[in-house]
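The values are calculated or read from the model by the stated rules, or taken from the named source; none is laboratory data. Predicted model only: the values in this text are computed from it and were never measured. Note that we place each Cβ from the backbone using ideal geometry, even for glycine, and neighbour counts take in every protein chain shown.
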Amino acid sequence: MATMIKHLIERQKWWAVHAIRMIVAGVTTLAAVYALELTVELSAVISAIAVTQSNIGGSLGKAFEQGVGSFLGAVVAAIVALALRPDDPASTVLALALALAPLSVLAAFSVGFQIAPITAAVVLLGGPGLEVGPDVLAAERLLGVALGSGVGLLTGLLVLPARASRSAVEAAARVAGLLAAQLHAIAPGDGTGEDALAARAGEIRRGLSELATDVRDAARERRLSFGRGPDPERALHALRRVRHDVDMLRRAARGAGVDALPGALAEPWRRAATGAAGTLAHVEGLLGGRPISGPAVPLEPIVRDYRAALDGMRQAGLTRTMPTPDLARLFGIKFALRQLERDLADLTSVAQDFSVSRRRWWR
């Protein structure tokens, strides 16, 4: 029980680390604004909070978006304001529409650049009552964003730093574990219903989406020499192929062995599903840095047994009277198992590379 609680705390501590970083970034930025006697508290603190992401790569990407988006928004708004000189509701509405038109298109193509239309609105609408021009508002906005982004980025680098490459490997390990559970559920005799299998497939898709985000963040780190070790994009590609194979098996098997396979095929199919699940559990252990009990069960001889049993049925004429959908199902499993065998071998090779890298770089 104590081990389980410790493992749970280790897995869930990310939110506490993220909260600490965000508090440090916000408070430090506000202290810097007061120390420098600036008047950009709001812009600076908001930018620092936005830039503080779960890993260094995410912070780098957010800092870039904040800086470029704010610059474009401020420039466009200042040009429109200086050209139209809005001083009544009608001209202000026109100026806002003209400024938002190009910036909203930019934000539509990249959600990260939504800061651009927000900056334009601040510059155009923040002047009345403050007796300052749009050029001053634009300059203050850019100063606040630059200060907040800088502090947020430094916080990510110095306060409990987290590498996106590590996060990617941890996410890959979770996906491998989910795929192993899915294969166990597909195996005959498990009794898992199709709804539960579909729900687990949704978890796998979400896990792969999170992994893809971590891989993009890790690529930013590698470009700026923050990342070390093998490229986690290899794990993403390998897991996507395995997920596709598992989905093919789930559809071909009609979910958890509800329709039993012919006797000659039932045992090889069960052994193949559980053996592949064991291999994925082995991969999960390699990626997660956890002890592994023995080598993975080789899948090739099991797949060969299934193919031999299916060929035997065909030679004995047992497949001639079978309905076409049942035949398609049996041969679909054969094809999916062959693909899974190859893709699991590639995934295992990637996981072994990461296991070596963990010992070398992540001690």
In the range 323-338, residues that are more than 16 Å from residue 265 (Cβ to Cβ) and crowded, with 17+ Cβ neighbours inside 10 Å total 0
Condition test on residue 253, is it modelled with pLDDT under 85 and surrounded by fewer than 15 Cβ atoms within 10 Å (Cβ to Cβ)? no
Just to check your reading of the model, which residue among 76, 68, 27 is free of Cβ contacts under 8 Å to residues at least 60 places away in the same chain, β-branched (Val, Ile, Thr) and buried (at least 23 other Cβ atoms within 10 Å of the Cβ)? 76
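Okay, residues lined up against (1) at pLDDT below 85; (2) touching a Leu at 6+ places or on another chain (Cβ under 8 Å); (3) among the basic types (Lys, Arg); (4) outside the structural domain of residue 72 (by TED's automatic domain parsing):
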site: 97; (1), (2), (3), (4): no, no, no, no
site: 102; (1), (2), (3), (4): no, no, no, no
site: 107; (1), (2), (3), (4): no, no, no, no
site: 112; (1), (2), (3), (4): yes, no, no, no
site: 122; (1), (2), (3), (4): no, yes, no, no
site: 129; (1), (2), (3), (4): yes, no, no, no
site: 132; (1), (2), (3), (4): yes, no, no, no
site: 143; (1), (2), (3), (4): no, yes, no, no
site: 150; (1), (2), (3), (4): no, no, no, no
Looking for whichever is under 22 Å from the mean Cα position of the chain (by Cα) and crowded, with 24+ Cβ neighbours inside 10 Å here; the options are 171, 181. Which one fits? 171
